[in-house]
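Since every read-out is calculated from the coordinates, none of them should be taken as a lab result. In this text, all values refer to a predicted model and were calculated from it rather than measured experimentally. Using ideal geometry, Cβ is built from the backbone for each residue, glycine included, and neighbour counts are taken over all protein chains shown.
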Amino acid sequence: MGSSYAQFIIVLIIFAGVLAVTLWVTKWMAGYQRGKGTDANIQLIDSQAIATGKYIQIVRLGDRYFALAVSKDNVTLISELEKDSLVIREGGSQTASFKDILSGIRPAAGGDTRENEN
């Protein structure tokens, strides 16, 4: 009976090790991909969904900016844009971290998520 507990602990340690290695490799790959796109001549500035699978995107090609209509099968040029007419955030588009998203969903401390029971 003692050996079954030992086997369980060993398997649990191996599982935790595999998870840790997976986390490290994922973070390393994200950093590698982020650095790979630096100083590129093509950059997605902004994207807005207008319907399922259809987007309006603003892209930078060299030093020129374009508005594009993008769908599953088509990319259509809407117009060329002047840089002065755009609001460009420094650092590019950043997505919220999972922690930020989760904290927005989680109820405040001491709060009850259920409606009044009366």
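Ile101 versus Asp84, label points 7 Å from Cα toward the beta carbon: distance in nm?
Simple spin-label model gives 3.9 nm for this pair.
In nm, to one decimal, how far is the modelled label at Gln48 from the one at Trp28, with both set 7 Å along Cα→Cβ?
So the two model labels end up 4.1 nm from each other.
Going by amide H atoms built from the backbone, whose H comes under 5 Å of the H on Ile45, apart from near neighbours?
Residues meeting the criterion, in which the H sits 1.01 Å from N, are Ile58, Val59, Arg60.
Is region 35-85 rounded, prolate or oblate when judged by the Cα gyration tensor, a ≥ b ≥ c being the square roots of its eigenvalues, rounded requiring a/c under 1.5 and prolate requiring a/b larger than b/c?
Cα axes put region 35-85 in the oblate bin.
I'd like the Karplus ³J(HN,Hα) series for region 15-26: coefficients 6.51, -1.76, 1.60, θ = phi - 60°, whole numbers in Hz, and an x wherever there's a Gly or Pro.
For region 15-26, the Karplus curve yields 4, 5, x, 5, 4, 5, 5, 4, 4, 4, 5, 4 Hz.
How high is the relative contact order of region 41-80, given as a whole-number percent (alpha carbon pairs under 8 Å, six or more residues apart)? Please report the intermediate quantities before stating the final value.
Numbers: 77 pairs, mean separation 12.2, N = 40.
Relative contact order, region 41-80: 30 percent.
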